[in-house]
Amino acid sequence: MPVLLRDFTEADDPRILQTAADPGTRLWNPFKPADDPVAWRAKIADGVTRTFAITDASDVLLGTIALFDVDHEQGTVELGYRVHPDARGRGVGTAAVRAACAVAFGELGLRRVMLYHAVANPASCRVAERAGFALEGTLREGYVYGDGRAYDEHLHGLLSSDPLSSP
């Protein structure tokens, strides 16, 4: 599925809040627009991370994706995403990850993108694999997720010299 990445607008707020309220999102993502999406949009626009709205051709918000912990000296960045519940299972995550990697390697000039996910979240593993990321290892109890439990995590990596997978 083709997707576009763009800055957020006020019109996105209802779908941002729906995504944040979804139990699946809350379990696997530290995503907290809380009750104030205006403040959340201001925070993500501060330049510390590159966070984008994921949309389709009709400009409907399908999710969000962020490049964060940018280290220009090392040439690395982490990537995180979340897909609106009604857009899951349609290839949105994979297409958005590919598009964000193009930004990381092109516009930001980085050499490595890292994607972490709970081993118990196989959908994120499929997204990483379909986007061309290599599974590099498992971090035992690597992160405490939304239910307060520490889960094992997979670390996937993609280098600028790796081919982005085709749709």
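The values are calculated or read from the model by the stated rules, or taken from the named source; none is laboratory data. For clarity, every value in this text was computed on a predicted model and none was experimentally measured. Because the Cβ atoms are built from the backbone with ideal geometry, glycine has one as well, and the counts that use them run over all protein chains shown. Note: areas computed on protein heavy atoms with side chains; ligands, DNA, RNA excluded. Shrake-Rupley method; radii C 1.70, N 1.55, O 1.52, S 1.80 Å.
Against the test of being of a type in the set (A, V, I, L, M, F, W, C), in a helix (DSSP H, G or I), touching a residue at least 24 places away in the same chain (Cβ under 8 Å) and buried (at least 17 other Cβ atoms within 10 Å of the Cβ), the options A128, A53, A123 yield a single qualifying residue, A128.
All conditions but one from (1) surrounded by fewer than 21 Cβ atoms within 10 Å (Cβ to Cβ); (2) farther than 24 Å from V119 by Cβ; (3) modelled with pLDDT of 95 or more apply to L62; the one that does not is (1).
If you take the residues of the stretch 131-167 that are of a type in the set (D, E), more than 22 Å from A102 (Cβ to Cβ) and in contact (Cβ under 8 Å) with a residue 12 or more places away in the chain, which of them is surrounded by the fewest Cβ atoms within 10 Å (Cβ to Cβ)? Selected residue: D147. Scanning the stretch 65-93 for residues that are among the β-branched types (V, I, T) and over 12 Å from L115 (Cα atoms), we see that the one that is least open to solvent (accessible area, probe 1.4 Å) is V92.
Evaluated against (1) within 27 Å of D22 (Cα to Cα); (2) of a type outside the set (F, W, Y); (3) not in a loop (DSSP other than H, G, I, E, B), L158 falls short on exactly one condition, (1). Of all residues in the stretch 83-116, which are β-branched (V, I, T) and farther than 27 Å from E141 by Cα? Answer for the stretch 83-116, where residues must be β-branched (V, I, T) and farther than 27 Å from E141 by Cα: V92, V103.
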